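Trainee: To start, I am sharing the structure in question, which I have written as structure tokens.
What follows is calculated from the coordinates using simple rules that are stated; it is not laboratory data. This structure is a prediction, so every number in the text was calculated from the model and none was measured. All Cβ positions, even for glycine, are placed from backbone atoms using ideal geometry, and neighbour counts span all protein chains on display.
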Amino acid sequence: MKFYKLFIFLSISIILLGSVLVANQIYMKEKIEFLEKTEQRKQEEMNSKLNYEESMLKKELFELELRRKELFSECMKMPYTSSNLENSFENLSRKYADKDFSFMYFDIKNEFLYSFQENKIYYGASLIKLLESLYLINYAMAGSISLDDTLVYKKEHISDYSLCLENHSLGESLSLKTLISYMLSFSDNAAHEMIFEYIGIDALKSYASFLNVTLSITSNEHFGNLTALSGMNILKETYRVLSLHNSYSELLSSSMNNSYYNFLNFEETTFLHKYGFTSPYYNELGIYNSTYPYLISLFTNLPSLEYQTFIPEFSKEVFSIYQSNLKEKEDYCNSVKNSV
């Protein structure tokens, strides 16, 4: 009996001990799980905080970079001229002192104007065709005429150097728009005669005076003399029309964007232009039409075909001076940007 009681006691003790061990094991497991969850939660909270801080830092960096870009853009829109810009153009003028030429340069965004013998008179030749085109375009924009209006090609209009009209028949009607394109793209003289007759001497002179252009034309002289200053005033009006970005400016741009007798062009650099040529005079009115545009009015009186080498060389040197100033401006604006 005693042995049986002892057995029962031991069994109960073992069961109780086992229960305690199991309970303790369960407790320890739950405690470990709790601690792990607590640690995981802390880690998640820390990661969330770090992610938030990283996100805020990225946001601040993005806003800073955006502000820097805005500062650079604002700076580039402001006028800027390097300290030696004037000297660079004076040196260029002296370099070609043995040439008979005059010119004006106008950097539009930087509001820099340089002139050399700008009032010296040269035979303008076909430059008048750009003035006539501007006259027609402005009256069309005002609603006084339509560029779809037509003129009749007559015998009295026949002229030398009429590459376009020589393909048309006498008595044929051509629109003002077509004649503008012919005058500016290929400097067609017959188209000029038709337009000159249509506008009239007094009206064209009056329009020229409005643009501060001195124009010497008569019933016998349909081209006349001009100066680099008058050429620049024609260019300024041309650029104003181009800046309107409408169908009229598109016509002007597409017609002036040509390589026909365009000696301002060099390598891959191109200009919108209108030339005027009657030997020994060769003149160019050009627009470097980019984000940072400039205008150049160049008149020459050179022997033989010298203009064919002089003008591209001169244009290239002007462009180099322009680029140097632009590079210095970019460096300055970068310093402004990086100061933030």
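Trainee: Given the options L305, I195, I180, identify the residue whose Cα lies farthest towards the positive end of the charge dipole of the chain (+1 on Cβ of Lys, Arg; -1 on Cβ of Asp, Glu).
Mentor: I180
Trainee: Now a separate question. Choose one of L326, M56, H273: the residue whose Cα lies farthest towards the positive end of the charge dipole of the chain (beta-carbon charges +1 Lys, Arg; -1 Asp, Glu; about the Cα centre).
Mentor: M56
Trainee: Can you give the Rg to Rh ratio of the range 209-262, both from alpha-carbon atoms, with Rh computed by the Kirkwood formula?
Mentor: Radius of gyration relative to Kirkwood radius: 1.04.
Trainee: Is the range 187-340 rounded, prolate or oblate when judged by the Cα gyration tensor, a ≥ b ≥ c being the square roots of its eigenvalues, rounded requiring a/c under 1.5 and prolate requiring a/b larger than b/c?
Mentor: Verdict is prolate for the range 187-340.
Trainee: Reachable aspartates and glutamates from K205, Cα under 19 Å, same-chain residues fewer than 8 places away excluded?
Mentor: List returned: E132, E193, E197, E221, E237.
Trainee: Further question: Taking the Cα centre of the chain as the origin and placing charges on Cβ (Lys, Arg +1; Asp, Glu -1), which of P293, I32, V213 is farthest toward the positive end of the dipole?
Mentor: Positive-most Cα among the choices belongs to I32.
Trainee: Still on this structure, I have one more. Going Cα to Cα from K42, which aspartates and glutamates come in below 19 Å? Please leave out same-chain ones fewer than 8 positions away.
Mentor: E30, E33, E53, E54
Trainee: Report, to the nearest 10°, how far helix 201-210 tilts away from the longest principal axis of the Cα atoms in the chain, using its own Cα long axis and a range of 0 to 90°.
Mentor: For 201-210 against the chain, the angle is about 40 degrees.
Trainee: Here's a follow-up. Hey, got the dipole for the chain? About the Cα centre, +1 on K and R Cβ, -1 on D and E Cβ, debye to the nearest 20?
Mentor: Roughly 2160 debye for the chain.
Trainee: Can you check how the C-alpha radius of gyration of the range 99-161 compares to 2.2 N^0.38 Å, as a plain ratio? Could the numbers behind the result be given before it?
Mentor: Details: Rg = 17.6 Å, N = 63, 2.2 N^0.38 = 10.6 Å.
Scaled against compact globular proteins, the figure is 1.65.
Trainee: Using only Cα atoms, find the angle between the long axis of helix 307-338 and the longest principal axis of the chain, and express it within 0 to 90 degrees, rounded to the nearest 10.
Mentor: The angle comes out at about 30 degrees.
Trainee: Of (i) 54, 54, 42; (ii) 154, 51, 33; (iii) 62, 41, 39, which is the value of Cα extents along the principal axes in Å derived from the coordinates here?
Mentor: (ii)
Trainee: With contacts defined as alpha carbon pairs under 8 Å and 6 or more residues apart, what's the relative contact order of the chain in percent?
Mentor: Values: 430 pairs, mean separation 70.8, N = 340.
Normalised by residue count, the contact order of the chain is 21 percent.
Trainee: Can you spot the aspartates and glutamates whose alpha carbon is less than 13 Å from K120's alpha carbon? Ignore those fewer than 8 places along the same chain.
Mentor: Within the straight-line cut-off, K120 pairs with D100.
Trainee: Next question. If you check each cysteine of the chain for another cysteine whose beta-carbon is under 4.7 Å away, which ones come up empty?
Mentor: Among the cysteines of the chain, those whose Cβ sits 4.7 Å or more from every other are C164.
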